[in-house]
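**Student:** Have a look at the structure that comes next, please.
Bear in mind that the values in this text are calculations on the coordinates, not laboratory data. For clarity, every value in this text was computed on a predicted model and none was experimentally measured. In this analysis, Cβ positions are derived from the backbone assuming ideal geometry, glycine residues included, and neighbour counts consider all displayed protein chains.
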Amino acid sequence: MPQIRELALTGIPRSGTTLACTIINRHPHALALAEPLDPNAWPIDFDAQLSVVRSEFIFLREHCLRTGRAPSRQRNGVIVDNFFYSVGTERRSYAADVAEVVIGKPLHRDFLLVIKQNAAFLALLQRLSEQMHVIAVVRHPLAVLASWLNVDLPVAHGRLPMAERMDSNLRATLDAENDVRNRQLHVLDWCYRRIGSLRGQVTVVSYESILASHGRALLAACGLPTDDLRTPPPDWLRAPAMAPSAQIEAFARSLQAMPDNAGWREFYGESDLRRYVERPGP
């Protein structure tokens, strides 16, 4: 198998793609940039968008090699594993912007360059997967929905603006739905279906397997030697607990009620839902 030099990373929002960037960046022969592109500036035509993405990969490789710096979403000059922080409010605030970061390690010309863009790459997934390697990260749907409740992002309101800009059908469906939970479920289903329909063309890695393998499942999917991962694994490779709540229980019931062909069912069973749906009352 030839060495992979370029890889597009995408996934369901809050599925662990930022964590994936951090893990990849711990490898000496790879660099993962978190959302360095501006899809709002892309043309509407899909073929033109692909051309922009390909050009960006070429430009960023040369820029990194020449300057030792790279544009990425970051906090205080570092591509951290989570761009949200708690301020004691109901939702965690977003604290990251795109700026040049110091790469901090030597790169040979054939290093693996990974670019992460969630919604935009999901919207482009069919054509993108025909031109380059793509990894899509999935996570249990209840954990994803629970995470959406706690972050200050459009998905907390059942919207996915970047994907809506590129998929008019998605935008029209969400515009027509007044219930926030129903919009969230539709966004979730849209994401899973995009990935599931291309499972043979896209490499799918689960958040759960990343944690269980201390990042090695992800590196293997990238074609990187897992022995080169810097050890010991950091403390952030732990699954967050999901506290029972009325909202979580309602989401669990909604997921159970979705049809047999719901997108999430291709990747996960119902066992993790039952403990919330069948939980004894107070």
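**Student:** Let me check against my output: what whole-number percent is the relative contact order of the chain, with C-alpha pairs under 8 Å and at least 6 apart?
**Tutor:** Once normalised by length, the contact order is 24 percent.
**Student:** Turning to a different aspect of this structure: What dipole magnitude, in Debye to the nearest 20, does the chain give about its Cα centre under +1 on Lys/Arg Cβ and -1 on Asp/Glu Cβ?
**Tutor:** Using Cβ point charges on Lys, Arg, Asp and Glu, the chain gives about 460 debye.
**Student:** Most exposed first by the Cβ proxy, i.e. fewest other Cβ within 10 Å, how do 29, 140 rank?
**Tutor:** So the ranking, lowest neighbour count to highest, is 29, 140.
**Student:** Oh, and also: Hey, with R₀ at 35 Å, roughly what FRET efficiency would residue 249 and residue 169 work out to, going by the Cβ-Cβ distance, to 0.05?
**Tutor:** That pair, residue 249 with residue 169, gives E of 0.70.
**Student:** What nm value, rounded to one decimal, do you get for the distance between residue 67 and residue 97 when each label is placed 7 Å out toward the C-beta?
**Tutor:** 1.7 nm
**Student:** Shifting gears a bit: Give the long-range amide H neighbours of residue 152: residues separated by 5 or more places, or on another chain, with amide H under 5 Å away, using H modelled in the peptide plane at 1.01 Å from N.
**Tutor:** Amide H neighbours of residue 152: 92, 94.
**Student:** Of the candidates 164, 270, 35, which one comes out as most mobile in a Gaussian network treatment of the chain with C-alpha springs shorter than 10 Å?
**Tutor:** 270
**Student:** Out of the DSSP beta bridges found with both residues in the range 6-277, what percent are antiparallel (nearest 5)?
**Tutor:** 30 percent
**Student:** If I histogram all Cα-Cα distances within the range 6-277 using bins 5 Å wide from 0, what percent of pairs lands in each bin?
**Tutor:** Here the calculated profile for the range 6-277 is 1, 6, 12, 17, 20, 18, 13, 8, 4, 1, 0.
**Student:** Right, here's the next one. Residue by residue through the range 210-221, what is 3J(HN,Hα) from phi via Karplus (6.51 cos²θ - 1.76 cosθ + 1.60, θ = phi - 60°)? Round to whole Hz and write x for glycine and proline.
**Tutor:** Values, residue by residue: 4, 5, 4, 9, 6, x, 6, 4, 5, 4, 4, 5 Hz.
**Student:** Something else now. Along the range 19-27, what does the Karplus equation 6.51 cos²θ - 1.76 cosθ + 1.60 (θ = phi - 60°) give for ³J(HN,Hα), rounded to whole Hz, x for Gly and Pro?
**Tutor:** Those phi angles translate into 4, 4, 4, 4, 5, 4, 6, 7, 8 Hz.
**Student:** Once the other residues with Cβ under 12 Å from the Cβ of residue 183 are scored (Lys, Arg +1; Asp, Glu -1), what is the net sum?
**Tutor:** Around residue 183, the charge tally is -2.
**Student:** Something else about it: Would you mind putting 261-269, 36-44 in packing order, based on average other-beta-carbon counts within 10 Å, highest first?
**Tutor:** Ranking the peptides 261-269, 36-44 by packing returns 261-269, 36-44.
**Student:** For helix 46-67, report the angle its Cα long axis makes with the longest principal axis of the Cα atoms of the chain; keep it between 0 and 90° and round to the nearest 10°.
**Tutor:** 50 degrees
**Student:** To continue, here is another question. Using the alpha-carbon atoms, what tilt in degrees (0 to 90, nearest 10) does helix 246-257 show relative to the longest principal axis of the chain?
**Tutor:** Orientation of helix 246-257: about 90 degrees from the principal axis.
**Student:** Using amide H atoms built in the peptide plane, which far-off residues or other-chain residues are under 5 Å from residue 33 H to H?
**Tutor:** 114, 115, 116
**Student:** Report, in deg cm²/dmol and to the nearest 500, the calculated mean residue ellipticity at 222 nm for the chain, where each DSSP H run with n ≥ 4 adds -39500 (n - 2.57) and the sum is divided by the residue count.
**Tutor:** Mean residue ellipticity, 222 nm, calculated: -12000 deg cm²/dmol.
**Student:** Using θ = phi - 60° and the Karplus relation 6.51 cos²θ - 1.76 cosθ + 1.60, list the HN-Hα couplings for the range 145-150 in order, rounded to whole Hz, with x at every Gly or Pro.
**Tutor:** With the stated coefficients, the range 145-150 comes to 4, 4, 5, 4, 5, 10 Hz.
**Student:** To test your reading of the geometry: what angle, between 0 and 90 degrees and rounded to tens, separates the Cα axis of helix 180-196 from the longest principal axis of the chain?
**Tutor:** The angle comes out near 50 degrees.
**Student:** Using R₀ = 41 Å, calculate the FRET efficiency as 1/(1 + (r/R₀)^6) where r is the Cβ-Cβ separation of residue 156 and residue 227; round to 0.05.
**Tutor:** 0.55
**Student:** Separate question: Long-range amide H contacts for residue 6: which residues qualify at under 5 Å (H placed 1.01 Å from N, peptide plane, sequence gap of 5 or more or a different chain)?
**Tutor:** 113
**Student:** For the pair residue 29 and residue 131, how long in nm is the line joining their label points, each one 7 Å along Cα→Cβ?
**Tutor:** Taking the simple label geometry, residue 29 and residue 131 are separated by 2.7 nm.
**Student:** To continue, here is another question. How would you rank 46, 111, going from fewest to most other Cβ atoms within 10 Å of each one's own Cβ?
**Tutor:** Fewest-to-most Cβ neighbours within 10 Å comes out as 46, 111.
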